[in-house]
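The values are calculated or read from the model by the stated rules, or taken from the named source; none is laboratory data. No experiment lies behind these values; they were computed from the predicted model shown. Positions of Cβ are generated from backbone atoms using ideal geometry, with glycine treated the same way; all protein chains shown enter the neighbour counts.
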Ligand SMILES: O=C(O)C1=C[C@@H](OP(=O)(O)O)[C@@H](O)[C@H](O)C1
Ligand SMILES: C=C(OP(=O)(O)O)C(=O)O
């Protein structure tokens, strides 16, 4: 459970040149899936480099509540002793997924085709997020859901005793919805088909195949058609989790806006469904290079080198790229403030239903620091003030959203005056070593 009991106000001061190597933690999406698919296999799945952030730790606890054995060996090494597809036991307590949309949505999908009932809850942020996008397709399998008004948590899912496979066109670009349907399809006899019009992160497809499920992906006129054959016996795996590109975004962006910086961020997963931010930064003229490209554990990986980039230009971010950088728009908007000219970000309605309404949260905080922002339902734009032109000096609300908190800490590193966030405690959900890692590079953070 993510403990947002006591707010932690944090201030970021103009930084010295950032130098050194930033070893960011394991990928959050792959970490959740390693635990969940490990629980669905029979035998011991060994995981190294697991992200030990609150979101993932909540998923580990949930897998234990459903009957899997999860062992922490220390140093990012974990084992999951799985119960097999269809082997979930009914938990005897409420499942608290803390701040994690990925955790709760994937786990709801996984249990929805077993004859068990489970009740899910989370923190104030998660309990405000829409769940009908998950419970609608789960109803097609025969599962029932009762939650609060508007399809909100807390919510009870009554799993289908005799699930039928489904064919489902995902109505919003969401890897969480796609993955929930695929995980539900695991315990439905026959073929479950999921169609996505826009490609979203494909870790579930890659990992299901790795665990031995029969899964095919076809690009058709209708979209990406994913077909999964239910009731496989999943084989336990050895998984080395690559480092998280969404966490790498913070030291990379900080280096681009802090004079004199040169930072190496090694071993970053560059799956094309995740790497959109880095291509966008290059399009803006950032001095960002991919060194030593290689493949690790079925995922493309490289070392990122980011240097201070005073000549970045605002651009129109291609809307088709949105899904591949959806979590990175907050920190991109900070970089855009230090570029020359306007940056336009369109096709990003999903940002309104994350841990916070991220367009609103960033617009408020950027304005509090002297930056001009315009916004509509599914777009926003930022007027860049150039590398030395961002006044800063504002206090921003983080709205229980780790990425908002980290983005404004990055802003303070390049702004003329310190930038404060009212609550940095959510940072531990995805990036528990953010503070020591950034200060190790040269950031100056203080706690009020
Ligand atoms: O499947 C995943 O691991 C994730 C999918 C994305 O959410 P949506 O599916 O809501 O776009 C992303 O924002 C989240 O951080 C992780
Ligand atoms: C949106 C995010 O996570 P989740 O949906 O899992 O809460 C995120 O980490 O930026």
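Residue 326 is checked against (1) part of a helix (DSSP H, G or I); (2) farther than 23 Å from residue 432 by Cα; (3) touching a helix residue (DSSP H, G or I) at 6+ places or on another chain (Cβ under 8 Å) and fails just one. What number does that condition carry? Evaluating residue 326 over (1) part of a helix (DSSP H, G or I); (2) farther than 23 Å from residue 432 by Cα; (3) touching a helix residue (DSSP H, G or I) at 6+ places or on another chain (Cβ under 8 Å) leaves (2) as the failure.
Looking only at residues in the stretch 66-107 that are in a strand (DSSP E or B), touching a helix residue (DSSP H, G or I) at 6+ places or on another chain (Cβ under 6 Å) and more than 17 Å from residue 184 (Cα to Cα), the one that is nearest to ligand 2 (Cβ to nearest atom) is 95. Number of residues in the stretch 208-219 that are in contact (Cβ under 8 Å) with a residue 60 or more places away in the chain and either crowded, with 23+ Cβ neighbours inside 10 Å or not assigned by TED's automatic domain parsing to the domain that holds residue 105 (or both): the value is 2.
Of all residues in the stretch 352-361, those satisfying the criterion of being crowded, with 24+ Cβ neighbours inside 10 Å and without any contact (Cβ under 8 Å) to a residue 60 or more places away in the chain are 358, 359, 361. Can you spot a residue in the stretch 258-281 that is surrounded by fewer than 23 Cβ atoms within 10 Å (Cβ to Cβ), in contact with a strand residue (DSSP E or B) (Cβ under 8 Å, 6 or more places away or on another chain), without any contact (Cβ under 8 Å) to a residue 24 or more places away in the chain and closer than 24 Å to residue 430 by Cβ? Within the stretch 258-281 (the criterion being surrounded by fewer than 23 Cβ atoms within 10 Å (Cβ to Cβ), in contact with a strand residue (DSSP E or B) (Cβ under 8 Å, 6 or more places away or on another chain), without any contact (Cβ under 8 Å) to a residue 24 or more places away in the chain and closer than 24 Å to residue 430 by Cβ), the answer is no, since none of the residues qualifies.
Of the residues that sit in the stretch 45-65 and are within 19 Å of residue 207 (Cα to Cα) and in a loop (DSSP other than H, G, I, E, B), which one is farthest from the chain's Cα centre (by Cα)? Result: 49.
Put simply, of 286, 255, 249 the only residue that is away from ligand 2 (no atom under 16 Å from the Cβ), assigned by TED's automatic domain parsing to the domain that holds residue 427, under 29 Å from residue 348 (Cβ atoms) and touching a helix residue (DSSP H, G or I) at 6+ places or on another chain (Cβ under 6 Å) is 286. For residue 216, the requirement of being assigned to a strand (DSSP E or B) and closer than 24 Å to residue 185 by Cα is met.
Residues that are over 30 Å from residue 15 (Cα atoms) and not in a loop (DSSP other than H, G, I, E, B) occur in the stretch 240-257; there is at least one.
The set of residues in the stretch 108-139 that are touching a helix residue (DSSP H, G or I) at 6+ places or on another chain (Cβ under 7 Å) and more than 23 Å from residue 37 (Cβ to Cβ) comprises 121, 129, 130.
For (1) within 16 Å of ligand 1 (Cβ to nearest atom); (2) surrounded by fewer than 17 Cβ atoms within 10 Å (Cβ to Cβ), each residue gets a yes or a no:
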position	(1), (2)
296	no, yes
313	no, yes
318	no, yes
326	yes, no
338	no, no
363	no, no
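Applying the condition of being away from ligand 1 (no atom under 14 Å from the Cβ) and part of a strand (DSSP E or B) to the stretch 25-44 and asking which residue is surrounded by the most Cβ atoms within 10 Å (Cβ to Cβ) yields 41.
Report, by residue number, each residue of the stretch 189-200 that is surrounded by fewer than 24 Cβ atoms within 10 Å (Cβ to Cβ) and out of contact with any strand residue (DSSP E or B) (no Cβ under 7 Å at 6 or more places or on another chain). Result: 189, 190, 198. When the stretch 178-188 is limited to residues that are farther than 14 Å from residue 225 by Cα and within 15 Å of ligand 1 (Cβ to nearest atom), the one that is surrounded by the fewest Cβ atoms within 10 Å (Cβ to Cβ) turns out to be 183.
Would it be correct to say that residue 374 is surrounded by fewer than 19 Cβ atoms within 10 Å (Cβ to Cβ), under 18 Å from residue 9 (Cα atoms) and more than 15 Å from ligand 2 (Cβ to nearest atom)? Judged against the criteria, residue 374 is not a match. Is it the case that the stretch 222-235 has a residue that's within 16 Å of ligand 2 (Cβ to nearest atom) and either buried (at least 24 other Cβ atoms within 10 Å of the Cβ) or assigned by TED's automatic domain parsing to the domain that holds residue 75 (or both)? Within the stretch 222-235, none of the residues are within 16 Å of ligand 2 (Cβ to nearest atom) and either buried (at least 24 other Cβ atoms within 10 Å of the Cβ) or assigned by TED's automatic domain parsing to the domain that holds residue 75 (or both). Could you please let me know if residue 83 is in the same structural domain as residue 170 (by TED's automatic domain parsing), away from ligand 1 (no atom under 16 Å from the Cβ), more than 21 Å from the chain's Cα centre (by Cα) and in contact (Cβ under 8 Å) with a residue 12 or more places away in the chain? Yes. What about residue 62, is it more than 16 Å from ligand 1 (Cβ to nearest atom), touching a residue at least 24 places away in the same chain (Cβ under 8 Å) and more than 23 Å from residue 247 (Cα to Cα)? It is false that residue 62 is more than 16 Å from ligand 1 (Cβ to nearest atom), touching a residue at least 24 places away in the same chain (Cβ under 8 Å) and more than 23 Å from residue 247 (Cα to Cα). Of the set (1) surrounded by fewer than 18 Cβ atoms within 10 Å (Cβ to Cβ); (2) touching a residue at least 40 places away in the same chain (Cβ under 8 Å); (3) over 24 Å from the mean Cα position of the chain (by Cα), all apply to residue 238 but (3).
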